[in-house]
1. Confirm whether PRO149 is surrounded by fewer than 16 Cβ atoms within 10 Å (Cβ to Cβ) and more than 24 Å from GLN270 (Cα to Cα).
2. Could you please find all residues in segment 149-187 being at pLDDT 95 or above, over 20 Å from THR128 (Cβ atoms) and either in a helix (DSSP H, G or I) or over 24 Å from the mean Cα position of the chain (by Cα) (or both)?
3. All but one of (1) part of a helix (DSSP H, G or I); (2) crowded, with 24+ Cβ neighbours inside 10 Å; (3) of a type in the set (Lys, Arg) hold for LYS107, so report the exception by its number.
4. Of PHE166, PHE212, which residue is more than 20 Å from ALA253 (Cβ to Cβ), hydrophobic (A, V, I, L, M, F, W, C) and touching a residue at least 60 places away in the same chain (Cβ under 8 Å)?
5. For the subset of segment 201-240 comprising residues that are at pLDDT 95 or above and among the acidic types (Asp, Glu), which member is surrounded by the fewest Cβ atoms within 10 Å (Cβ to Cβ)?
6. State all residues of segment 112-148 that are closer than 27 Å to GLU322 by Cβ and either free of Cβ contacts under 8 Å to residues at least 12 places away in the same chain or among the small types (Gly, Ala, Ser) (or both); if no residue qualifies, say none.
7. Would you check if there is a residue in segment 190-197 being assigned by TED's automatic domain parsing to the domain that holds THR148, in contact with a Pro (Cβ under 8 Å, 6 or more places away or on another chain) and touching a residue at least 24 places away in the same chain (Cβ under 8 Å)?
8. Could you tell me which of the residues THR182, THR128 is surrounded by fewer than 23 Cβ atoms within 10 Å (Cβ to Cβ) and of a type in the set (Val, Ile, Thr)?
Amino acid sequence: MSIAASRAARLANIVQATDDRPISLTSSKKLTFYIFGHPVTMSPSPDIHNVGFASNGFPHVYERCDREDVADVIRTIRSEACGGGSVTIPHKESVLPFMDELTEAAKQIGAVNTVIKLSNCRLRGDNTDWLGIKNQLEAKAPRFPAGTPLIAVICGAGGTAKAAAFALKKMGVSRVLIFNRTLERAERLAAEYGFEAVGELGALDALPRLDFVVDTLPGATEFVFPLPLLERFRPTCLEAAYIPRQTAFVRQALAAACPVVEGIEMLFEQGCAQCSIWTGRDAPRAAIAANLLTQLFSDNSAHPAAPKMEPRDAPPEALLRELKGTASVMSQPRTLLLLLAVTAVAVHVALVMRRSNN
């Protein structure tokens, strides 16, 4: 090798070692991304990100990776073929020590839901859950006069609750109470933000108003909120769980005529933020929403989560909102879904062709 070639090679190695761009943007190879967690066998995340990658012109693919052991998660992420991924229960906090760097959001929240593998092979932990919570709450909540002393309750104290606390702080909510059956966990989270911790839901009875309730507890817990508070204040309620779609909390919030942000709507929003990070481009929100509607809510869907999406003839408002220019059809959800099926098939065919060409 000539001296000039040797210098060029060394320079290339230096550039690669210092390149902190996502490897998804710089690699010429098809990379595999995953949703890491347990259980994730029903996760609709592949239906978000495969459309996102294909629509934005990338060959990458996204799959489910059901792992209980965080060591297995990190081993997969570090593998050459992996480009990064999403992180869900139970790993949002346990992956933190394995990250080489954290974004400000992940650092302040203390939980990671997005892993970005960089071109220099470092792992950057990020968090988009707070955007899923903040953006969807603001879209669904009524408009409050400036200076209104808003009050919110967070149910739970885990990784998603931490993102909710961060989101509500960003929204300027004046008073936030955190309920958790293990009071010590609620107290630790409350102390980070200057919020309040409560160990009993009865302590909320004296609230003068209630504007937001964010439930971050697993859907299988059958958690319910004090119904008199929901009926009296009709707060905007967000359910982070999406399996099943209508948890006990969602059912009671709807019965009390509260505005409700569904778990699948939060998943969509935070997933679009992840898509932008990994592709460096705006997420194709309408195409992603169309695919989710078709995969989860059409009659002939074979998606493993579809049976948990009842009532399937009343799809989530946030997904329908993304389909601009279809107002005349949006009043007829079943007709809309038939049209969306054609869109989803076209996206799928394009995706398959793109994979076969790489």
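1. On the way: surrounded by fewer than 16 Cβ atoms within 10 Å (Cβ to Cβ): yes; more than 24 Å from GLN270 (Cα to Cα): yes.
When the stated conditions are applied, PRO149 passes them.
2. PRO149, LEU150, SER174, ARG175, LEU183, GLU184, ARG185, ALA186, GLU187
3. Tallying (1) part of a helix (DSSP H, G or I); (2) crowded, with 24+ Cβ neighbours inside 10 Å; (3) of a type in the set (Lys, Arg), LYS107 fails exactly one: (2).
4. On the way: PHE212 fails: more than 20 Å from ALA253 (Cβ to Cβ).
When all the criteria are applied, what remains is PHE166.
5. ASP205
6. So the first thing to find is which residues in segment 112-148 are closer than 27 Å to GLU322 by Cβ, and the list is 112-116, 126-144.
Of everything in segment 112-148, those that are closer than 27 Å to GLU322 by Cβ and either free of Cβ contacts under 8 Å to residues at least 12 places away in the same chain or among the small types (Gly, Ala, Ser) (or both) turn out to be GLY132, ALA139, ALA141, ARG143.
7. First pass over segment 190-197, keeping only residues assigned by TED's automatic domain parsing to the domain that holds THR148: 190-197.
After this cut, where a residue has to be in contact with a Pro (Cβ under 8 Å, 6 or more places away or on another chain) as well, the list is none.
No, there is no match, as no residue in segment 190-197 is assigned by TED's automatic domain parsing to the domain that holds THR148, in contact with a Pro (Cβ under 8 Å, 6 or more places away or on another chain) and touching a residue at least 24 places away in the same chain (Cβ under 8 Å).
8. THR182
The values are calculated or read from the model by the stated rules, or taken from the named source; none is laboratory data. Every value quoted in this text rests on a predicted model; they were computed, and no experiment measured them. Cβ atoms come from the backbone with ideal geometry, glycine included; neighbour counts cover every protein chain shown.
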